[in-house]
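The values are calculated or read from the model by the stated rules, or taken from the named source; none is laboratory data. Given the structure is predicted, the values throughout are model-derived calculations rather than measurements. Every residue, glycine as well, gets a Cβ built from its backbone with ideal geometry; the counts of neighbours run over all protein chains shown. Areas reflect the complete protein model, heavy atoms only, side chains present, ligands, DNA and RNA absent. Shrake-Rupley method; radii C 1.70, N 1.55, O 1.52, S 1.80 Å.
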Amino acid sequence: MNAFRASSVAEELRGAGLRVTAARVALLETVREGGHLDAEVITSGVRERVGHISRQAVYEALNALTAAGLVRRVEPPGSPALYEGRVGDNHHHLVCRSCGVVVDVDCAVGHAPCLTASDGRGFSIDEAEVVYWGLCPDCSSAP
Ligand SMILES: [Zn+2]
Ligand SMILES: [Zn+2]
């Protein structure tokens, strides 16, 4: 069962033109199981799967997978970069000012309308980063 899952992840890596390594497979699995994880949490997830691996190797794999579009990097201002496995749909994020929880939210209306800038200035736009800030339900109901 695990072997099947691992090999399909390997297929995806190959399909994205990446060399398949145990670290990259473990990293993609870790990111997909989590919601929005920072590099520290990802490093421990990868180590749980493949044993010791240097931080440098994890960062290298993160960069390669992000560049290949298998992992998305989210950078809420004031927070460390977070990585997630939900890619390609230009969804946005809700961030709680109090506890820092990050939640996915679909595009405001229809399919990626935020990509249609009122004036694109000739850019070929492929991503619109929108962060909604506020208080999560837990924090807003706290006394
Ligand atoms: Zn909160
Ligand atoms: Zn997300």
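Here are the numbers for this structure:
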quantity: Residue pairs meeting the criteria (Cβ under 7 Å; at least 6 apart or on separate chains; first farther than 14 Å from Leu37 by Cα, in the range 50-68; second open to solvent by less than 80 Å² (accessible area, probe 1.4 Å) and in a loop (DSSP other than H, G, I, E, B)); calculated: Ala64/Leu18; Leu65/Val71; Ala68/Ala16; Ala68/Gly17; Ala68/Leu18
quantity: The range 51-66, residues that are exposed (fewer than 14 other Cβ atoms within 10 Å of the Cβ) and in a helix (DSSP H, G or I); calculated: Arg55, Gln56, Tyr59, Asn63
quantity: Selection from the range 125-143 of residues that are assigned to a strand (DSSP E or B) and away from ligand 2 (no atom under 14 Å from the Cβ); calculated: Trp133, Gly134
quantity: Conditions (1) under 27 Å from Gly100 (Cβ atoms); (2) of a type outside the set (A, V, I, L, M, F, W, C); (3) part of a helix (DSSP H, G or I); number of the one not met by Gly78; calculated: (3)
quantity: Qualifying position, being open to solvent by less than 30 Å² (accessible area, probe 1.4 Å) and out of contact with any helix residue (DSSP H, G or I) (no Cβ under 6 Å at 6 or more places or on another chain), among Gly69, Gly88, Gly78, Gly34; calculated: Gly34
quantity: Selection from the range 91-107 of residues that are among the β-branched types (Val, Ile, Thr) and open to solvent by 50 Å² or more (accessible area, probe 1.4 Å); calculated: Val101, Val103
quantity: Within the range 71-95, tally of residues that are away from ligand 2 (no atom under 14 Å from the Cβ) and in contact (Cβ under 8 Å) with a residue 40 or more places away in the chain; calculated: 2
